[in-house]
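Each remark here refers to the structure printed beneath this line.
Any read-out appearing in this document is the output of simple, stated calculations on the displayed coordinates, not a laboratory observation. All values derive from a computational prediction rather than experimental measurement.
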Amino acid sequence: MTGRKVEINYTVYSSPDEMTASDRELVEAAMKAQKTSYAPYSRFNVGAAVRLEDGRIVPGSNQENAASPSGLCAERTAMFAAGAHYPGVAQVSIAVVGGPEQTLCTFPATPCGACRQVMAQYQKIGGKPMSVILIGKKEIWKFDSVDDVLPFTFTSLD
């Protein structure tokens with residue numbers, strides 16, 4: 001028997017001002033996307049923004065439906081829109097912000113397992129790491145790869 005350890009690496013920022021201009025722009029796009037959230041049932045509004053390899057940013061927000069679970073998370077809304085409108089262009093970064101009633105959580109809200117799996121597939125399709133930026137009031141966490149938020153990923157491409 002052999003014991004193994006999984007290590008997760010990420011950077012913690014106390015403010016977007018500490019980030020690169022490119023990452024700040026993505027954070028701002030996610031915060032703006034949060035305002036388009038339709039969450040009358042959970043009242044938890046989430047915004048996401050995906051940066052493509054060519055620099056374009058595609059926003060998304062959570063969209064709920066009375067016929068739950070027919071709604072969709074912000075992360076998947078953004079990634080699917082990017083995949084549909086810009087097929088073949090790698091998704092290189094995603095920023096996510098969430099909180100009740102259009103506010104921010106004190107610490108970052110993290111993506112659900114389904115969204116992490118979709119991130120893993122788009123990272124695999126793109127052929128390069130996709131960074132993940134999670135935004136809270138007190139801290140912003142940046143992961144250099146989806147592998148750090150979902151170790152042991154799988155895709156049908158494997």
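General remarks:
- For segment 74-119: span of alpha carbons on each principal axis (Å, largest first): 36, 20, 15
- Segment 1-88 pair-distance distribution - Cα-Cα, 10 Å bins, rounded %: 16, 35, 29, 15, 5, 0
- Cα-based values for the chain, radius of gyration first and Dmax second, are 15.2, 51 Å.
- Taking every lysine pair in the chain that is 8 or more places apart or spans two chains, those with Cα atoms closer than 24 Å amount to 11.
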